[in-house]
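Have a look at the structure below, then the notes.
The values are calculated or read from the model by the stated rules, or taken from the named source; none is laboratory data. These figures come from a predicted structure and were not determined experimentally. Glycine also receives a Cβ, built like all others from the backbone with ideal geometry; neighbour counts cover every protein chain displayed.
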Amino acid sequence: MTEMRMREALREALREEMLRDERVFLMGEDIGAYGGSYTVTRGLLDEFGPDRVRDTPISESGIVGAGIGAALSGLRPMVEIMTINFSLLAMDQIVNNASKFLYMSAGQFNVPLVLRMASGGGSQLGATHSHSFEGMYAHFPGLKVVCPSNPADAKGLLKQAFRDENPVIFIEHSALYSMKGEVPDDPDFRISFGKARIAREGTDVTIVGYSGSVHQALRAATMLEEQEQISAEVIDLRCLRPLDMETVIASVKKTNRAVIVEDDWKFGGFGGELSAQIMEKAFDWLDAPVARVSGKDVPMPYNRNLEFAALPSEEDVVEAVLAML
Amino acid sequence: MPPRTKTAPRTAPKPAPKPAGLGGERLGHFLYQMLLIRRFEERTGEMYTKGKVRGFLHLYIGEEACAVGAINALEPQDKLITHYRDHGHALARGIEAPRVMAELFARVDGTSKGRGGSMHIFDKAKNFFGGHAIVGGHMPVAVGLALGSKMKKEDAVTMCVFGDGGVAEGEFHEALNLSALWDVPVVWFCENNGYGMGLPLAKSNANDIYKLAEAYRMPSVRVDGMDVIGVYEATKTAVEFCRAGNGPYFIEAMTHRYRGHSMADAELYRDKAEVEESRKGDAIERLKKAMLADGLMDGSGYEALVARVEEEVGAAIAFADASPQPEISTLFDNIYRESPND
């Protein structure tokens, strides 16, 4: 095990995959000479050259489409969309082309494309630069949606993404890039998709999160234990599609209570899907209605205090747990 | 900005005026394919009114010289991606008429086993990367197909067919820019039939289409899209240019759509006389007359072609009608392809 930041774990995954498979190449805005806006790709241009680390113009639809075409040609492209906010400009490519080529061609053409993008608010970037669209992408059949919460998962899941035969939307919370963690040294370390992680075991309540919200859930669990002697189990979904409901349901059947935490807007968000599935699959085990702790339904404000008020916090999670006990 | 390393000719070469070197056999094949497409489309229209073909149906009648001229300039390893008015392209690429018709009938023997429909014909064996139904949406994919060939050092050119309606989309401009920037082997083939659905070209594009491509510094020509030989010659030049590693090439083919945008189109936006006028330059008639005049075919030879096409399209319909409906149990097939460690 080696301790590293999440951006370094991601870089290692990219580097190892490029060394392993010559079909792997990277495209994106300022991923080369600039080193990537979150410095994930720093140094890769020098090592692999401009063909395999391709700086692109600011043409999100163009470069995602080009990635799809390259994937159809038998290559294994990774396209970095600087942030998830800009992926809106590539929605037609993602939703109409990447996710449907296999189905519409009755299995003839698959699109093994990795699309990486940074997500999340909390940096006073205002309404257009603070989105959390993980749940929106999980809505589309044909896409896989992966959102790691720590360096080891980031590496293992990203390496797995390059082995997948389908388009993978790989979403990295921008607040986690500098997070440190132990990462296995095994060059073949991978984490299969659709396997949630029990981040903390507990008996009284299940708190489900993904990406950045896993950390709110963990901090809330600590507060609940220290202040209220409540034992919370925390589940890190890792992937929204494929979704590991088995792990969630097994936990809920043990604790009889569930709280869902996410940065995304509450209305129509992924938490609603989780809540519905828990209700459908574990109704008789629930001692309280499933609770959702989500981002507030507002465009993200610039002001720091307002932004904090709009995002879910560990205090909100604690409050939600106490309200159901 | 730095000059592109490979200088593209600023004035595009004019297509050869006369079919020098095109033998009677090749011209006969062009005529056969154009007749096949037209009859296929006429009968498909009938099948639509009978309810055998559903969804949106966009007929290619009038534009046959574009598909036949352009696609015959490709080699089997070349890649083709096109828009939703795609039956003509599929047939010109050699996809069997019965399989295309079975797709229109939504049956299991269709090119996509009834999942795609008229606007989404795919055939991997023919490097046919689809009919695509979001206007302009397939153009960036074409850049990637060509980039893939270039990176893998394959001897393959990508042809991307789109309509004049796609030119006002942002994806047109992103794709042309990327193709020139990266010097990838794409033949951009614009079928300009004068209308984006019902909107005439003058109301959708601020400049001539081939001039837009010139702004992206690639050779760009306008050709008579009702002249199959001219289309073929121009496309041959373009394909050779791309195959030699010179980057992209743009062709605007001026053509006419005799029918409405789709079967749902009442054509309130244009006069019947305009369509009648355009029929006077019909590509099939022109080639037929030229071949008769040059002694490459006689009247009975032509009648034999017509009879052959009639029989083939009839057989395609019979095949499609006899093909089973897909089983409901296969509804979820091919959403994801199995992967290692799934």
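Structure above, values below:
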| read-out | value |
| --- | --- |
| Which listed residue is in the same structural domain as residue A:169 (by TED's automatic domain parsing), under 22 Å from the mean Cα position of the chain (by Cα) and over 30 Å from residue B:109 (Cα atoms), from A:87, A:99 | A:87 |
| Selection count, the range A:65-83, where residues are at the interface with chain B (Cβ under 10 Å from one of its Cβ atoms), buried (at least 24 other Cβ atoms within 10 Å of the Cβ) and not in a helix (DSSP H, G or I) | 2 |
| Complete set of residues in the range B:85-104 that are surrounded by fewer than 24 Cβ atoms within 10 Å (Cβ to Cβ), part of a loop (DSSP other than H, G, I, E, B) and not basic (Lys, Arg) | B:94, B:95, B:96 |
| Candidate set: the range B:115-136, residues that are crowded, with 21+ Cβ neighbours inside 10 Å and more than 22 Å from residue B:53 (Cβ to Cβ); chosen: the one farthest from the other protein chains (Cβ to nearest Cβ) | B:136 |
| Flag for residue A:240 being in contact (Cβ under 8 Å) with a residue 60 or more places away in the chain and part of a strand (DSSP E or B) | yes |
| Which listed residue, of B:247, B:314, is on the phi > 0 side of the Ramachandran plot and modelled with pLDDT of 95 or more | B:247 |
| Sole residue being hydroxyl-bearing (Ser, Thr, Tyr), out of contact with any His (no Cβ under 7 Å at 6 or more places or on another chain), modelled with pLDDT of 95 or more and buried (at least 23 other Cβ atoms within 10 Å of the Cβ), chosen from A:41, A:2 | A:41 |
| Scan of the range A:205-224 for residues that are surrounded by fewer than 19 Cβ atoms within 10 Å (Cβ to Cβ) and touching a residue at least 12 places away in the same chain (Cβ under 8 Å), ordered by number | A:219, A:223 |
| Pairs with Cβ under 7 Å, 6+ apart, first in the range B:252-274 and over 28 Å from residue B:188 (Cα atoms), second buried (at least 19 other Cβ atoms within 10 Å of the Cβ) | B:267/B:260 |
| Qualifying residue in the range A:119-132 (condition: away from chain B (no Cβ under 11 Å), under 23 Å from residue A:194 (Cα atoms), buried (at least 24 other Cβ atoms within 10 Å of the Cβ) and of a type outside the set (Ser, Thr, Tyr)) | yes |
| Residues within the range A:141-187 that are within 11 Å of another protein chain (Cβ to nearest Cβ) and surrounded by fewer than 19 Cβ atoms within 10 Å (Cβ to Cβ), tallied | 2 |
| Condition broken by residue A:194, with the remaining ones in (1) within 13 Å of chain B (Cβ to nearest Cβ); (2) over 16 Å from residue A:236 (Cα atoms); (3) assigned to a loop (DSSP other than H, G, I, E, B) satisfied | (2) |
| Count of the range B:45-70 residues which are buried (at least 21 other Cβ atoms within 10 Å of the Cβ) and more than 22 Å from residue B:288 (Cβ to Cβ) | 3 |
| Test: residue A:25 is in contact with a Lys or Arg (Cβ under 8 Å, 6 or more places away or on another chain) and closer than 27 Å to residue B:125 by Cβ | yes |
| Residue pairs meeting the criteria (Cβ under 7 Å; at least 6 apart or on separate chains; first surrounded by fewer than 13 Cβ atoms within 10 Å (Cβ to Cβ), in the range A:290-311; second part of a strand (DSSP E or B)) | A:297/A:265 |
| Residue match in the range B:167-189 (condition: assigned to a strand (DSSP E or B) and over 27 Å from residue A:27 (Cβ atoms)) | no |
| Tally, over the range B:290-342, of residues that are closer than 19 Å to residue B:114 by Cα, without any contact (Cβ under 8 Å) to a residue 40 or more places away in the chain and either hydrophobic (A, V, I, L, M, F, W, C) or more than 14 Å from every other protein chain (Cβ to nearest Cβ) (or both) | 7 |
| Residue in the range A:215-233 that is under 14 Å from the mean Cα position of the chain (by Cα) and among the β-branched types (Val, Ile, Thr) present | no |
| Among the candidates A:135, A:121, residue that is within 28 Å of residue A:304 (Cβ to Cβ) and at pLDDT below 95 | A:121 |
| Check on residue B:110, under 30 Å from residue A:56 (Cα atoms) and either more than 16 Å from the chain's Cα centre (by Cα) or more than 8 Å from every other protein chain (Cβ to nearest Cβ) (or both) | no |
| Subset of the range B:139-159 (residues that are more than 9 Å from every other protein chain (Cβ to nearest Cβ) and either modelled with pLDDT under 95 or within 18 Å of the chain's Cα centre (by Cα) (or both)) | B:157, B:159 |
| Candidates A:165, A:182, filtered to the one that is closer than 28 Å to residue A:101 by Cβ and not hydroxyl-bearing (Ser, Thr, Tyr) | A:165 |
| Residues located in the range A:84-98, provided they are of a type outside the set (Val, Ile, Thr) and more than 7 Å from chain B (Cβ to nearest Cβ) | A:85, A:86, A:87, A:88, A:89, A:90, A:91, A:98 |
| Members of the range B:240-255 that are buried (at least 24 other Cβ atoms within 10 Å of the Cβ) and of a type in the set (Gly, Ala, Ser) | B:247, B:253 |
| Given (1) assigned to a loop (DSSP other than H, G, I, E, B); (2) at pLDDT below 95, number of the condition residue B:273 does not satisfy | (1) |
| Candidate set from the range A:253-265 (those that are free of Cβ contacts under 8 Å to residues at least 60 places away in the same chain and buried (at least 24 other Cβ atoms within 10 Å of the Cβ)); member that is nearest to residue A:171 (Cα to Cα) | A:261 |
| Residue within the range A:103-112 that is within 14 Å of chain B (Cβ to nearest Cβ), of a type in the set (Ser, Thr, Tyr) and surrounded by fewer than 22 Cβ atoms within 10 Å (Cβ to Cβ) present | yes |
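Yes/no per residue for (1) modelled with pLDDT under 95; (2) within 16 Å of residue A:245 (Cβ to Cβ); (3) not in a loop (DSSP other than H, G, I, E, B):
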site	(1), (2), (3)
A:263	no, no, yes
A:267	no, no, no
A:273	no, yes, yes
A:280	no, yes, yes
A:287	no, no, no
A:294	no, no, yes
A:300	no, no, no
A:305	no, no, yes
A:312	no, no, no
